[in-house]
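**Q** Here you go, one structure.
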Amino acid sequence: MKSKMDKYNLILVGLFMFLVILTILWKMPQKEDRYVHVGIAAYDLDDTFMESYIKDLQDKMEQMKIEGKKVSYEIYDAKGSSRKQEKQLQRMYAQKYDVILVNLVEPSSAASMINDAEDADIPVILFNREADDKDLKIVKKVWYVGTDAKAAGAMQGEMLKKIWEEQKGKIDRNKNGKLDYVLVEGEETHFDAIRRTNGFLESSEDMPMNQRANLSADWKRELATTKFAKLDKEIINNAEAVICNNDDMALGVYDYYKKHHSQMPVILGINNSPEMNRKIMTGEIYGTVDNKMEDQVGHICQLMKAILKENTKKYKKVWYSTPHAITRTSCRE
Amino acid sequence: MRQSRKKHAVLILLLLLIALVSTGLMTKHSKIEKRSRMTVVFPKNEPEDLSALQDGIRDYAYDHQVKLDVWYKEQMSAEELKKLIKEEKKNNSKGVVLVYPENYLEKQADGYVYKDVLAVTDRMQKEFKYYASFAESKEKAYRLPVKTSVLEQVKNGKKKEILLENTYKLGYESMKMKTITLKPVKLDRETMESGKYDALFAG
């Protein structure tokens, strides 16, 4: 009887030891990745603004450490093709990045992209090309960082108003008492293009504006030159101002006038790219709107840290940098 | 009798606990990443279009479930390379692929003989034990991505044929960490119409 009890006790002790070993194995920490992994999807790195944006982002991320870990990032350039970006996003989900930064080719397709990222359990920061508000509400782990497109457009209107009031005699070359202008827009269905244009039109409502032509050049410099050249020569020669949704297209219009040695109208862009800034400082181009790219990049990095520390309470879903008017005079002041 | 009942209760409790802990352990095991890891170093601010080569590397990683540690370098000394390899080994990386190191890595007089490093290179084949590059050709060779205007010329017969360096394949093959020299392929109207390279030209 005693020997039976001893055997029983031995089994109990054996099982207890087995349980202890299993518990240790269960609770043993996993081998951790030594880096934080970030995927960056850019719509087109041929866009000079986006190229500078990504370079700034790269420099900041290389200086960053999140909870002691270096950041390993990878850049995916969609070259303006939504099909290419779709394939790249599939590769990005498979890489299981800790966070992805996405500059969409087609902001109207944000909903499906956000859902796919949610399925892959990857937080998303959309930047620069704004998606619809309702798309951002689909899931919790998605944010947007960009500029207030309408405010940037409105600022163009304010800048135009200022120069019209100060130099009306010089600007109104055909002396019809109106400001004859050409509007050059980004992609027709693009939210930012629509908002920038609306902002400009609303803020210049009280001016004697006379729109002579309106064209879309998909944010591109060469396309802007080509399409602008196709306008009626009478319109081109009488244009007193050319308002563009971004700097690249403004530079495209500048290229046209420079090539034809024609008198330069008041040209306005948005972004404050280095080349545009140089031309403003030399007085060849009137002005642009600085989207405060550095502030946006800084905010993305802060938000990224917060996401990885799972502490995003103080971050709003949508964050805009405050645009700032750039003219030769404003910079001197 | 009472003691025996107690022991039975302890036994049942132990078995239940073992079942619970085993389930937890299995769940943890299923969540552990089974993918292998590799490291890729790209030149930073590279003016040449590396998109096809990058697509090849990414497709390999996708097809073979490889997690990538990616770095962009403007400059790198031999010491920094050694340090990177050491760190990557600690992170369980199976190998390091240096993409066009001639653009950022200082040349060493005695060469590099790192076992787990492969260089995708045009000019540093002698410096590395393992490398992936194109065989030299007498005629001018076009690299992917090829301009649409050039492809059009082949299609409409203005150019009889061109030599094509398939950078997509170079990227894909380089991830196998074995020395490879790819010959440029001849691309004429017939090959184009066969649709063999359509996926590559579609970008």
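The values are calculated or read from the model by the stated rules, or taken from the named source; none is laboratory data. Model, not experiment: these values are computed from the prediction. Because the Cβ atoms are built from the backbone with ideal geometry, glycine has one as well, and the counts that use them run over all protein chains shown.
**Q** Identify, please: which residue in segment A:102-130 is within 14 Å of chain B (Cβ to nearest Cβ) and of a type in the set (A, V, I, L, M) and is, among those, farthest from A:ASN311 (Cα to Cα)?
**A** Out of the qualifying residues, it is A:VAL105.
**Q** Here's another thing I want to ask about it. Which ranges mark the strands (runs of 3 or more DSSP E) fully within segment A:110-205 that have 2 or more residues being assigned by TED's automatic domain parsing to the domain that holds A:LYS87, under 24 Å from A:PRO265 (Cβ atoms) and in contact with a strand residue (DSSP E or B) (Cβ under 8 Å, 6 or more places away or on another chain)?
**A** none
**Q** While we're here: Mind listing just one residue for me: the one in segment A:23-54 that is touching a Gly at 6+ places or on another chain (Cβ under 9 Å) and more than 11 Å from chain B (Cβ to nearest Cβ) and, of those, farthest from B:ALA19 (Cα to Cα)?
**A** Per the stated criteria, the residue is A:ASP47.
Listed here are the residues, each with its yes/no results for (1) in the same structural domain as A:PRO107 (by TED's automatic domain parsing); (2) in contact with a helix residue (DSSP H, G or I) (Cβ under 7 Å, 6 or more places away or on another chain); (3) charged (D, E, K, R).
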residue: A:GLY14; (1), (2), (3): no, no, no
residue: A:LEU45; (1), (2), (3): yes, yes, no
residue: A:LYS55; (1), (2), (3): yes, no, yes
residue: A:LYS65; (1), (2), (3): yes, no, yes
residue: A:TYR76; (1), (2), (3): yes, yes, no
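**Q** Which ranges mark the strands (runs of 3 or more DSSP E) fully within segment A:34-109 that have 1 or more residues being crowded, with 21+ Cβ neighbours inside 10 Å and not aliphatic (A, V, I, L, M)?
**A** By residue number, A:35-42, A:69-77.
**Q** Within segment B:57-71, is even one residue surrounded by 11 or more Cβ atoms within 10 Å (Cβ to Cβ), among the small types (Gly, Ala, Ser) and more than 9 Å from chain A (Cβ to nearest Cβ)?
**A** no
**Q** Quick check on A:TYR97: is it within 12 Å of chain B (Cβ to nearest Cβ), among the hydroxyl-bearing types (Ser, Thr, Tyr) and touching a residue at least 60 places away in the same chain (Cβ under 8 Å)?
**A** Yes: the conditions hold for A:TYR97.
**Q** Return yes when A:SER3 is more than 7 Å from chain B (Cβ to nearest Cβ), among the small types (Gly, Ala, Ser), outside any loop (DSSP other than H, G, I, E, B) and more than 30 Å from A:PHE127 (Cα to Cα) and no when it is not.
**A** yes
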